[in-house]
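K.L.:
Below: one structure in structure tokens.
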Amino acid sequence: MHLAVFLLASVLSAATFALDNGVMRTPPMGWLAWERFRCDIDCKNDPKNCIRQNLFIDMADRLSEDGWRELGYVYVNIDDCWSSMERDENGRLQADPKRFPGGIPKLSRYLHDRGLKLGIYGDMGTHTCGGYPGTTLDKIETDAQTFADWEVDMFKFDGCYSNATEQEKGYPLMSKALNATGRPIGYSCSWPAYQGGLPPMVNYTQLGEICNLWRNYGDIQDSWDSVLNIIEWFFRNQDVLIPAAGPGRWNDPDMLVIGDFGLSKDQSRSQMALWAIMAAPLFMSNDLRTISSEARSILQNKMVISINQDPMGIQGRRIVKEKSDIEVFWRPLSSDASALVFFSRRTDMPYRYQTSLSKLNYTTGSYKIYDVFTDKTMILKDSTNFVVSVNPTGVVMWYVSAPSKLNRLQFYRGGNVQDSVYTGDENAIPRVFL
Ligand code: GLA
């Protein structure tokens, strides 16, 4: 081969190896079946809740008719237990014919017609975690092509029933195979969760090159214990995880369980607020047909969504951990804005936490504060001491902008911003939003 042609060919093959599919420049949002509906395939006795075509159509209808889609919740993701126990005569995966009578293509058409996207699930290994056919190394290209033919938009690649060596080959190979189909397919890798989530077993630079998002840690369950455990792991390891995240590549602390059975109102706000601080994918796993208006308003809060979706895509961090069990989290946002979350791990009563913006590393004068869950605004000087009242297992969340940079705020409040400016004695402590 001529040297120039050889060089060009090597550059091109290197280029196709990096994940350059252009999708998920902000964290993906949508709905995912697993946590709420699991592997319920008993359609005879539980027709409303079993994993079948109708469940996904129901959720698609709710997403497009109840205001979710406009807020960015566009993915409808199938998880485990969708397929037939056997591959077809050509070795391709096929949906269970009884539960998905139109096959996956029918579902993807239904979703695309409504401006939604379809996600599907597979497993790097001999079987999925639920015991359905897996994708062994020799099947990777076939399965990638099948998903592209079905016009799937996202693929979650789980890791049950494979070892570290197989995963090291399989996850990059699937990335390459998805890219080679020419269809932009968001790629969610469970790989790090199977390798303990931390270096040296996990190479976050490589993950950012081959996957759009990745599960770092264990499965979420419908309980506050589970949510708290995940929060603890992600912020304990924040110095490793933060540099890995950015447009097109996200850490995934797993689904939102807001609207299910395990979380109180305050705990639901805490999950939403901290997932926004983490720049986490927002995949709800709940029943959108019966969700309470309280849960819906938390999930549909425009300000917290806009913080989650900030275009800079910088993952936030814990900046304060008090002996009193109050923690403060911070995320830098575009337009010199930022988000603050005051979180209480206490279980006694609302805690009156006193601090100031300068104690939280803010230095340049006055800031405009917008309380995300109460819609109240105020101006606060960096040197002014204030008190926030944080409920047990709950949060107070602020969007903080310099007074001159209110564009986004005004956009979300229809340009009708009303300030409650603190003008009192400098040495007195304003009771913020009490
Ligand atoms: C694993 C994954 C879950 C879910 C199940 C399905 O446990 O981590 O998110 O996909 O498998 O069996």
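The values are calculated or read from the model by the stated rules, or taken from the named source; none is laboratory data. Just so you know, these numbers come straight off a predicted model, no measurement behind them. Positions of Cβ are generated from backbone atoms using ideal geometry, with glycine treated the same way; all protein chains shown enter the neighbour counts. Accessible surface is based on the protein model in full, side chains and every heavy atom, while ligands, DNA and RNA are left aside. Shrake-Rupley method; radii C 1.70, N 1.55, O 1.52, S 1.80 Å.
K.L.:
Any idea of Val395's accessible area? Nearest 10 Å², probe 1.4 Å.
P.N.:
10 Å²
K.L.:
Among Trp214, Tyr370, Asn237, whose Cα sits farthest toward the positive end of the charge dipole of the chain (+1 at Cβ of Lys/Arg, -1 at Cβ of Asp/Glu, about the Cα centre)?
P.N.:
Tyr370
K.L.:
Considering the zone a paramagnetic label at Asn54 would reach in this model (a point 7 Å from Cα along the Cα-to-Cβ line), which residues of segment 97-125 have amide N under 14 Å from it?
P.N.:
Answer for this model: 98-102.
K.L.:
GNM, the chain, Cα, under 10 Å: largest mean-square fluctuation among Glu89, Glu294, Glu232?
P.N.:
Glu89
K.L.:
Of the cross-linked pairs Lys302/Lys376; Lys117/Lys139; Lys323/Lys368; Lys302/Lys368, which ones have a Cα-Cα span greater than 20 Å in the structure shown?
P.N.:
Beyond 20 Å between Cα atoms: Lys117/Lys139; Lys323/Lys368.
K.L.:
If you don't mind, another one. I'd like the accessible area for Lys176, computed on protein heavy atoms only with a 1.4 Å probe and all protein chains in place. Round to 10 Å², please.
P.N.:
90 Å²
K.L.:
Among Gly316, Gly159, Gly365, which one shows the biggest mean-square fluctuation in a GNM of the chain, springs joining Cα atoms closer than 10 Å?
P.N.:
It is Gly365.
K.L.:
What would the Debye equation give as log₁₀ I(q)/I(0) for the chain at q = 0.07, 0.11, 0.13 Å⁻¹, counting only Cα atoms as equal point scatterers?
P.N.:
Once normalised to I(0) and log-transformed, intensities are -0.37, -0.85, -1.13.
K.L.:
Summing Lys, Arg as +1 and Asp, Glu as -1, what charge do residues with Cβ under 14 Å from the Cβ of Leu107 carry, Leu107 excluded?
P.N.:
Net local charge, Leu107 excluded: -2.
K.L.:
Within the accessible area of segment 260-380, what % is carbon and sulfur when the probe is 1.4 Å and the other protein chains stay in place?
P.N.:
Its accessible area is 48 percent carbon and sulfur atoms.
K.L.:
Another question about this same structure. For the chain, modelled as a Gaussian network with Cα springs under 10 Å, which listed residue fluctuates most, Thr135, Thr347, Thr165?
P.N.:
Per the Cα network of the chain with a 10 Å cutoff, Thr165 tops the list.
K.L.:
At 222 nm, what helix-only mean residue ellipticity would the chain give, in deg cm²/dmol to the nearest 500, using -39500 (n - 2.57) for each DSSP H run of four or more?
P.N.:
Value at 222 nm, helices only: -9000 deg cm²/dmol.
K.L.:
Grab the other residues whose beta carbon is less than 15 angstrom from that of Leu173, score K and R as +1, D and E as -1, and report the net.
P.N.:
-4
K.L.:
Using only the alpha carbon atoms of segment 104-210, find the Kirkwood hydrodynamic radius as the inverse mean reciprocal pair distance, in angstroms to one decimal.
P.N.:
Every distinct Cα pair counted, the radius reaches 14.2 Å.
K.L.:
Using a 1.4 Å probe and counting only protein heavy atoms, arrange Arg331, Arg183 so the residue with the most accessible area comes first.
P.N.:
Sorted descending by solvent-accessible area, the residues read Arg183, Arg331.
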